[in-house]
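To start, the structure itself, in structure tokens.
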Amino acid sequence: MSTQRQTFEREYRVGKLLEKGGFGSVFWGVRIRDGLSVAIKHILKEKIVDWATIEGERLPMEVCALRKVSEIPGCIKILDYYECDDCCLIVMEKPDPVMDLFDYIDEQRTLSETLAREFFIQIVETCLQCYAAGIVHRDIKDENILVDLKSHSLKLIDFRTATLLKDDLYYDFNGTRICAPPEWIQLGCYHGKRAVVWSLGVLLYVMLCGEWPFKKDDEIVTAEVDLCPRLSSECRDLLRKCLCVQPADRPSLEDILRHPWVTEDKDSFREDKPVPRPCRLCKRSAALE
């Protein structure tokens, strides 16, 4: 048994499985010294594609990203990291009571413009703070956002596709394909910041309509989205701008925060009419990837 594994087992007790996927497994755990509940992510080294060297230490890119965003309130906080012989163990905070945004929307059917606006602003501001830390998430979607059920504060999670922010094009995309921007589908490359705006447009649509705006590649590349007439004109305008086929024509995050739908008084939104519950038998990305 490696020294790192021994240290981990002295400091943490592993509990039930919370989630399992192609990336690895996430377990509930307890920090022994104070009884703190944590989330423990177990990843086989052979599954880790991206590594980075930070201050002379070679780390999985996910760990590098988590460390860089650790002081951002809207990002999940890394507590510890252990590199064992065949796996990596990432210990993160486990907020409670929380629900991922997918399940939250599923319970509500759709969100009102007022609540969607509150959530949307939080995520946009968190993305800006990630930029300042030199990180771009690259898989922003409802399943990767936790909702604090008491305060309505949000936390961005799952940084396994995150990478260092750069001005040049990216030629790899390991996020959720149905959230991929049209330039990636057509050309196999994209600018990080412009792709983030596209994914934010997809997220906003999902919050307001309870379903994906696009389900197939040909729908993504044309971006002909059906905008519900019940939405305010300002909201529809912002959605169209974020979901613009031409990357250069999309607004920046700063532009989004200056948009009338974001800045206007929340009481000016019309009362949402009830809408039919979308038929969703499983996680949207799992069903459509």
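Sort out which residues of region 169-192 are in contact (Cβ under 8 Å) with a residue 12 or more places away in the chain and surrounded by fewer than 19 Cβ atoms within 10 Å (Cβ to Cβ), and write them in order of number.
At the first step, the residues of region 169-192 found to be in contact (Cβ under 8 Å) with a residue 12 or more places away in the chain are 169-171, 173-183, 185-186, 188-192.
Those that are in contact (Cβ under 8 Å) with a residue 12 or more places away in the chain and surrounded by fewer than 19 Cβ atoms within 10 Å (Cβ to Cβ): LEU169, TYR170, TYR171, ASN174, ARG177, ILE185, GLN186, GLY188, CYS189.
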- Note on the structure: Of (1) on the phi < 0 side of the Ramachandran plot; (2) at pLDDT 95 or above, ASP158 fails just (1)
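Surrounded by fewer than 16 Cβ atoms within 10 Å (Cβ to Cβ) and either of a type in the set (Gly, Ala, Ser) or free of Cβ contacts under 8 Å to residues at least 24 places away in the same chain (or both): is that true of GLN108 in this structure? Please lay out each step first, then the result.
Details: surrounded by fewer than 16 Cβ atoms within 10 Å (Cβ to Cβ): yes; either of a type in the set (Gly, Ala, Ser) or free of Cβ contacts under 8 Å to residues at least 24 places away in the same chain (or both): yes.
Yes; evaluated as a whole, the condition is true for this residue.
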- Those residues of region 75-105 which are surrounded by fewer than 20 Cβ atoms within 10 Å (Cβ to Cβ) and either part of a helix (DSSP H, G or I) or among the small types (Gly, Ala, Ser) (or both), in sequence order: PHE102, ASP103
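Those residues that are charged (D, E, K, R) and either in a strand (DSSP E or B) or in contact (Cβ under 8 Å) with a residue 60 or more places away in the chain (or both), I need them from region 1-20; list them, please. Steps first, please.
At the first step, the residues of region 1-20 found to be charged (D, E, K, R) are 5, 9-11, 13, 16, 19-20.
Result: ARG5, GLU11, ARG13, LYS16, GLU19, LYS20.
Which of the residues that make up region 145-159 are under 10 Å from the mean Cα position of the chain (by Cα) and either within 21 Å of TYR190 (Cα to Cα) or assigned to a loop (DSSP other than H, G, I, E, B) (or both)? Can you show your working first?
To start, the set of residues in region 145-159 that are under 10 Å from the mean Cα position of the chain (by Cα) comprises 145-146, 155-159.
ILE157, ASP158, PHE159 - these are the residues of region 145-159 that are under 10 Å from the mean Cα position of the chain (by Cα) and either within 21 Å of TYR190 (Cα to Cα) or assigned to a loop (DSSP other than H, G, I, E, B) (or both).
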- Residues within region 233-268 that are assigned to a helix (DSSP H, G or I) and either of a type in the set (Val, Ile, Thr) or modelled with pLDDT of 95 or more (or both), tallied: 23
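Take the residues of region 130-154 that are among the polar types (S, T, N, Q) and farther than 22 Å from PRO181 by Cα: which is surrounded by the most Cβ atoms within 10 Å (Cβ to Cβ)? Reasoning before the result, please.
Start the filter on region 130-154 by keeping residues that are among the polar types (S, T, N, Q), which leaves 144, 151, 153.
Keeping just the survivors that are farther than 22 Å from PRO181 by Cα gives 151, 153.
Numbers: SER151: 8, SER153: 15.
Going through the qualifying residues, I end up with SER153.
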- Sort out which residues of region 173-223 are modelled with pLDDT of 95 or more, part of a loop (DSSP other than H, G, I, E, B) and farther than 24 Å from THR110 by Cα, and write them in order of number. GLY188, CYS189, HIS191
- Note on the structure: Taking region 25-49 and keeping residues surrounded by fewer than 17 Cβ atoms within 10 Å (Cβ to Cβ) and in a loop (DSSP other than H, G, I, E, B) leaves ILE32, ARG33, ASP34, GLY35, VAL49
- Message: Looking only at region 168-210, count every residue that is over 25 Å from VAL262 (Cβ atoms), of a type in the set (S, T, N, Q) and touching a helix residue (DSSP H, G or I) at 6+ places or on another chain (Cβ under 7 Å) and tell me the total.
- Response: 1
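The values are calculated or read from the model by the stated rules, or taken from the named source; none is laboratory data. All figures in this text were calculated on a predicted structure; none of them were measured in a lab. Methodologically, a virtual Cβ is constructed for each residue, glycine included, from the backbone with ideal geometry; neighbour enumeration extends over all protein chains shown.
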